[in-house]
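Novice: Please read through the structure below; I'll follow up with questions.
Throughout, read-outs are computed from the coordinates displayed, never taken from laboratory work. Since the structure is predicted, the reported quantities are computational estimates derived from the model, not experimental observations. Glycine also receives a Cβ, built like all others from the backbone with ideal geometry; neighbour counts cover every protein chain displayed.
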């Protein structure tokens, strides 16, 4: 059970949160100009890497805010959290 | 074994009776089930799982491969309880079921509970290392929780005669305990097992609160309590466990682990008559020395090593104990019950075995450090050739392994290491500094010689030389696995079941791994052992569930009208967490009869339904219309205040996610309704886009599901009922049109009335604040009496909407169905919305996609089961291509026949064709029809 730092509420136990997949995958600004392959890549393809990974979490049973977490997928270390609009380098 | 009155930590002055396998036995306060059985001469505690061989207690701790019992009877019985952990009391009952237990006959919610705790330093294990760590960390000011699985602190010191500072070690333990208990920031939990280590210091503990007490002394307290601790620093001081040696008939009752024999003396005052020690290490000499000191005849120490040296060997020699080096026990003899009477000793250079009479053989093959809590979070391990055991490899943030768990043997060494680790852990939490902390304790440990890397005795008979006594796996079984071509320890484990027992193969896994490595001529350091996964010790489901059983398992949501439904005999259906009336049977009606009656009432007169559970999301802000346009397939921003529109939303992949009616209350104010089960997900979905994709939009979302109660009045006579209820509201068609909202006083209650229909009939949905729900319902019921108003439930609602071809999210859709598949082309507005691009992916344009159609069984009385597959031909051979499936199937009172909805490949182009549903007992011919089967012209909507 992770202890996740919500940037708004502080550290809380994992059951208060909902997972949202890889971070920084924006909904395309103009989907209609994308080819089927480009669109499918947005829909279905995500990184599955070992090491530091930026992912989205929602403090569903708390402030209900979405934010991002840097997690090491090899060690489960939670390196830091940052708000929507901030960059991974802002994680703390 | 026999009891010495002046030894052990039990209360010799008091005794009580308990029952084992129906026999009445006597024990003293402080006895475990294992010690009590040994004291009563119960050498055979049960038989083994495969070979039905007699088995006895092997050691004094939870690694014992078969000291497992069924404890308690009936509703409170628990299987596979560890005899060395279970404390007996007056009236205690147990049964010798070593491998297959019985489950309790009833669920109870009062015996187990849970709690949460936070601390700076959690120390697991209260032996010399753990106590030292806890003491320095607490003295530095850290909040400390110290846990130990035994009833008393001291760890291995409880089972020894060791000295600390020239005093009996237990005096030091008592002193440390007193200092810890005096510190208000220290919590000491005895009888508590740390069984799981999660991420970021989430450690699960199981405390045996009153399990060791008779019912009369439990005073309503829980039997066990699970603790979920979040700690900054975890100190793993869980000690080490002894492993056996492998030789023929090493499973006889009387063959025990050496430290266990010593433990039974020091903890319970139990000794055999005649002892032989068989060892590959120095530590077992302590057993010989201690038991000789207690007056036991120590016949011989058999040591596999050549000419062992060291202070313990010297001491044994001084006591006159015969030491046979370079020798092994190659077999054992027993009496008619199979209990040990003699061992056969042979030189490892060969020769004729010599029989030595004894009733106890104390065996030691060396020690395995125990550090499961480090392994649970992917900590590594490596084989230490010098120790002949696995030790932790590498370090993990916030986890420190100390003492013999880290391969540091010897009391002084453990105290020193624990001291240092405790200081470091406290400093890491901001308490004290290692730079000028207290000085580590002095002291020297006995000079011990190296442990021999020795598993099985050469030349021993292999059929009954057990590697895993719990699983009845002998050398011959391992031979068979290796001979069959298996060459990985994980495969050996699964083929033979070595190490898979409920005691988790603590005494078997390392030996099995070494045998595997040797067979292939490999280095054991490379081969390794099979993984140690959580839990570190099995826990019963009951104690993990705590009180979260029955109604406390998951919240139950009910509407304010619920008491009326209960009083009127509704049968309920679970929809998400909601209890919804499924149908309202009258008299002896079954479900089918009740549903036919309810549906007929709605189509011919008037019905009423509690629609309060529908999800309701308040959407406010100047961009609310724009926001909804981006999520729904249709346009919501063009709605006029006071009007409503049906909407569907898709996931990004274009699949239907949810649907509902959106009401516009004002220019900047909407209320979106969702399906009952989808409400939370839709709100999350909306929040996600609002916060992460379109934070620039001025929109505020609020769940108001539980703020409103909704009563639907439905049927041709609905207008007449409304006229009675709301005399000031003009309900004529011209004044109050379909999809229109009106604020009105209904039955004296300020209400929001909407003409929304989910049945195709004239319908009014009356929304009032939730607390007025029951009053409104009762008023509607009373006003409707002259018109025969009929309450109906979700089943009738499903039938009525299916007759009209209205799909239900989750029934007609399953995450693979697009709006186009449902024939909702008319709802796809010419604008961008989430998922729109997916609707023209090549896969979406296939003309053989499954599409929603109606189906009519050719036999109008035949009702298909929902989920039935559909095929093209009445004559078929398996395998037969499936072209679709039935999603809804009912009997219609309005049409006087059965009907259904189905998803069929290319179905819309096949209307009029006959296809088939192959069932187990018959094949049903069905005609494909338009999904709108009843009232195709929509004439009924306006009454």
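Novice: By counting other Cβ atoms within 10 Å of each Cβ, how are B:831, B:616 ranked from fewest to most?
Specialist: Neighbour counts put them in this order, fewest first: B:831, B:616.
Novice: Using alpha carbons only, how many degrees (0 to 90, rounded to 10) separate the axis of helix B:509-519 from the longest principal axis of chain B?
Specialist: It is inclined by approximately 80 degrees.
Novice: Would you mind classifying region B:448-521 by shape? Square roots of the alpha carbon gyration tensor eigenvalues, ordered a ≥ b ≥ c; an a/c under 1.5 is rounded, otherwise it is prolate if a/b is larger than b/c and oblate if not.
Specialist: Rounded, since a/c falls under 1.5.
Novice: Let me ask something additional. Below 8 Å, C-alpha to C-alpha, sequence gap of six or more: please give me the relative contact order for region B:90-221 in percent.
Specialist: Once normalised by length, the contact order is 21 percent.
Novice: Count, for each residue of B:834-841, the Cβ atoms from other chains sitting within 10 Å of its Cβ, then give me the mean as a whole number.
Specialist: 4
Novice: Taking the highest mean first, how do the peptides B:395-401, B:317-323 order by number of other beta carbon atoms within 10 angstrom per residue?
Specialist: B:395-401, B:317-323
Novice: Moving to a separate point now. So what's the Cα pair-distance distribution over region B:142-183, bin width 5 Å, in %?
Specialist: The percentages, shortest bin first, are 5, 21, 28, 23, 15, 7, 1.
Novice: Given the -39500 (n - 2.57) contribution per DSSP H run of 4+ residues, what per-residue ellipticity at 222 nm results for chain B, rounded to the nearest 500 deg cm²/dmol?
Specialist: -5500 deg cm²/dmol
Novice: Fewest to most neighbouring Cβ within 10 Å: what's the order for A:66, B:685?
Specialist: In order of increasing Cβ crowding within 10 Å: B:685, A:66.
Novice: Distance in nm between label sites at residue B:895 and residue B:936, each 7 Å beyond Cα in the beta-carbon direction?
Specialist: 1.1 nm
Novice: Specify the angular offset, from 0 to 90 degrees and rounded to the nearest 10, of the alpha carbon long axis of helix B:169-181 from the longest principal axis of the alpha carbons in chain B.
Specialist: Between the helix axis and the principal axis of chain B, the angle is about 30 degrees.
Novice: Stretched out fully, how many nm does the piece from residue B:319 to residue B:778 gain, at 0.36 nm a residue minus the Cα gap?
Specialist: Roughly 155.9 nm would be gained on extension.
Novice: Per-residue Cβ counts within 10 Å, from other chains only, averaged over A:56-65: what number is that?
Specialist: Average neighbour count from other chains, rounded to a whole number: 2.
Novice: OK, next. Express in nm, to one decimal, how much length is gained between residue B:76 and residue B:14 on full extension, taking 0.36 nm for each residue of separation and deducting their alpha carbon distance.
Specialist: In short, 19.6 nm is gained.
Novice: Compactness ratio of chain A: Cα Rg over 2.2 N^0.38 Å, N = residue count?
Specialist: 1.17
Novice: To continue, here is another question. Taking the Cα-to-Cβ direction at residue B:495 and at residue B:586 and moving 7 Å from each Cα, how far apart do the two end points lie in nm?
Specialist: Those two pseudo-labels are separated by 7.2 nm.
Novice: What base-10 log of the normalised intensity I(q)/I(0) is obtained for the protein assembly as shown from the Debye formula, alpha carbons as equal point scatterers, at q = 0.05, 0.07 Å⁻¹?
Specialist: Each listed q maps to, in turn, -0.47, -0.81.
Novice: A follow-up question, please. In whole angstrom, how far apart do the alpha carbon centroids of region B:415-459 and region B:601-642 sit?
Specialist: 68 Å
Novice: With an 8 Å Cα cut-off and a minimum separation of 6 or more residues, compute the relative contact order for chain B in percent.
Specialist: 9 percent
Novice: Let me ask something else about it. Determine the shape class of region B:312-438: with a ≥ b ≥ c the square roots of the Cα gyration tensor eigenvalues, call it rounded for a/c under 1.5, and otherwise prolate if a/b is greater than b/c, oblate otherwise.
Specialist: Prolate.
Novice: Let me ask something additional. Angle, helix B:773-784 long axis vs. longest principal axis of chain B, Cα atoms, 0 to 90°, nearest 10?
Specialist: Orientation of helix B:773-784: about 40 degrees from the principal axis.
Novice: Follow-up. Over region B:607-677, what is the relative contact order in percent, taking alpha-carbon pairs closer than 8 angstrom and at least six residues apart?
Specialist: 36 percent
Novice: If R0 is 25 Å, what FRET efficiency do you get for residue A:48 and residue A:8 from their C-beta distance, rounded to 0.05?
Specialist: 0.30
Novice: What ranking of A:9, B:360 emerges when the number of other C-beta atoms within 10 Å of each C-beta is taken as an exposure proxy, fewest first?
Specialist: The order, fewest Cβ neighbours first, is A:9, B:360.
Novice: Roughly speaking, what is the stretch gain from residue B:382 to residue B:873, that is 0.36 nm per residue apart minus the C-alpha to C-alpha distance, in nm to one decimal?
Specialist: Value of the extension gain: 170.4 nm.
Novice: Also, quick follow-up: Using alpha carbon centroids, what distance separates region B:496-541 and region B:160-187, in Å?
Specialist: Cα centroid of region B:496-541 versus Cα centroid of region B:160-187: 35 Å apart.
Novice: Further question on the same structure: What's the whole-number percent of alpha carbon pairs in chain B lying beyond 52 angstrom?
Specialist: Summing the P(r) tail past 52 Å for chain B gives 42 percent.
Novice: Within region B:662-684, list the residues whose amide N lies under 16 Å from a label point set 7 Å along Cα→Cβ of residue A:64.
Specialist: Of the residues in region B:662-684, B:670-674, B:678-684 have backbone N under 16 Å from the label point off residue A:64.
Novice: For residue B:335 and residue B:115, what does the FRET efficiency come to when R0 = 51 Å and r is the distance between their Cβ atoms, rounded to the nearest 0.05?
Specialist: With R0 = 51 Å, the Cβ-Cβ based efficiency is 0.50.
Novice: For region B:16-73 and region B:753-798, what is the separation of their Cα centres, given in Å?
Specialist: 66 Å
Novice: Label points 7 Å out from Cα along the Cβ direction at residue B:480 and residue B:347: separation in nm?
Specialist: 3.7 nm
Novice: When you have a sec, figure out the Kirkwood radius of region B:166-296 from all distinct Cα pair distances and drop it here in Å to one decimal?
Specialist: 18.8 Å
Novice: Nearest 5 is fine: what % of DSSP beta bridges in the protein assembly as shown come out antiparallel, could you say?
Specialist: Around 75 percent of the beta bridges assigned by DSSP in the protein assembly as shown are antiparallel ones.
Novice: Can you say what percent of the DSSP beta bridges in region B:712-863, counting only those with both residues inside, are antiparallel? Round to 5.
Specialist: In region B:712-863, DSSP labels about 100 percent of beta bridges as antiparallel.
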